[in-house]
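The values are calculated or read from the model by the stated rules, or taken from the named source; none is laboratory data. Keep in mind the model is a prediction, meaning the values are calculated, not measured. With ideal geometry, Cβ positions are generated from the backbone for all residues, glycine too; neighbour counts draw on all protein chains shown. In case anyone asks, the SASA skips ligands and DNA or RNA and just uses the protein heavy atoms, side chains included. Shrake-Rupley method; radii C 1.70, N 1.55, O 1.52, S 1.80 Å.
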Amino acid sequence: MKVPITTSALMNSAYRRVVDLTDEGLPEIPILGMNRSVRTTEGSIFHRHAAMEITYCANGSVKFDCGGRAYPIIPGGVFISTPKDVHRLRVNPKGAKLYWIFLRLPKAGERLFGLSRAETAWLVKALKTLPRKSFPAPQEVGMCYERLFSVLETEKSCRSARRMKLRVAAIHLLIALVEAGTSAADCAADLRFRTLVDRMRREPKKTFSMSEVAQELKCSPNTVRSQFKKFVGMPPQAFMMKCRIHKAEDLLKKGLSVTDIANELGFS
């Protein structure tokens, strides 16, 4: 089935505003949108866009479907789709307020928002490697969206000033999104590693192979080794041995024989 590349349902109305910032000197953002729902309506059909779409939920709660998964988004939450992602907004509930942009990432050698090539490369890579499609974001992200609309409303006398302020607000928005997405991923990774460390302490006789751990944590064995050392201060094998030795000390204090302890903890 052919999935449409669409810009449907992006027209202006009493409670919806859609702006093309190309005319404001920002060809990277062909769509800046805001929608405030005063009644519950149907969502969208499954579709995809020719640009990255970044949606921020300011009020209410919505749910996106993408890649066979549902992504509930509550106030302060962000949902990101890339040009290859087939997705839809399931329902547009009463009281929901959404902001979004379509972001055209530059081709090789092009610059983003007038940044240097090195700055552009960093920002594009950071956006492309955001670890999750949805994550919580600080109020700063919502304020950046509001700032973009505010500049359009208030800065009408000087076109140069309006363009500069829009460009700065757009850069601020993308950096805030990158920081929020990275922070959310770090928190999730910390929780996974903390859970793993607790299990190692509770089960010192268990052999934790790197392949099993990597599969559980959804990353490569090399990433497990580097991140584990960063989180715990030593490689996984050294930590497992430390846990076994501590357990052996406890068992010795309880009067168990060295042979029994060796059998219990897997020592030869």
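In segment 77-112, the qualifying residues are those that are touching a helix residue (DSSP H, G or I) at 6+ places or on another chain (Cβ under 7 Å) and not hydrophobic (A, V, I, L, M, F, W, C), and the one that is surrounded by the most Cβ atoms within 10 Å (Cβ to Cβ) is Tyr99. The condition (being aliphatic (A, V, I, L, M), modelled with pLDDT of 85 or more and open to solvent by less than 50 Å² (accessible area, probe 1.4 Å)) is satisfied by just one residue among Val197, Val178: Val178.
To keep it simple, each residue is scored yes or no on (1) without any contact (Cβ under 8 Å) to a residue 12 or more places away in the chain; (2) closer than 19 Å to Ile175 by Cα.
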residue	(1), (2)
Thr40	no, no
Cys57	no, yes
Cys66	no, no
Ile74	no, no
Glu110	yes, yes
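Determine whether Arg192 is surrounded by 14 or more Cβ atoms within 10 Å (Cβ to Cβ), under 18 Å from Gly25 (Cα atoms), in contact (Cβ under 8 Å) with a residue 24 or more places away in the chain and among the charged types (D, E, K, R). When the stated conditions are applied, Arg192 does not pass them. Inside segment 12-70, residues that are acidic (Asp, Glu) and either closer than 19 Å to Met143 by Cα or open to solvent by 40 Å² or more (accessible area, probe 1.4 Å) (or both) make up a count of 4. If you go through segment 115-126 and keep only what is open to solvent by less than 70 Å² (accessible area, probe 1.4 Å) and either in contact (Cβ under 8 Å) with a residue 24 or more places away in the chain or basic (Lys, Arg) (or both), you end up with Leu115, Leu123, Ala126. Tell me yes or no: at least one residue of segment 237-254 is under 23 Å from Phe267 (Cα atoms), without any contact (Cβ under 8 Å) to a residue 40 or more places away in the chain and open to solvent by less than 30 Å² (accessible area, probe 1.4 Å). Yes; the residues of segment 237-254 include at least one that is under 23 Å from Phe267 (Cα atoms), without any contact (Cβ under 8 Å) to a residue 40 or more places away in the chain and open to solvent by less than 30 Å² (accessible area, probe 1.4 Å).
When restricted to residues that are open to solvent by 60 Å² or more (accessible area, probe 1.4 Å) and not in a helix (DSSP H, G or I), segment 200-236 contains 5.
Entry remark, segment 127-145: residues being within 23 Å of Thr22 (Cα to Cα) and either in contact (Cβ under 8 Å) with a residue 24 or more places away in the chain or loosely packed, with under 12 Cβ neighbours inside 10 Å (or both) number 6 in total.
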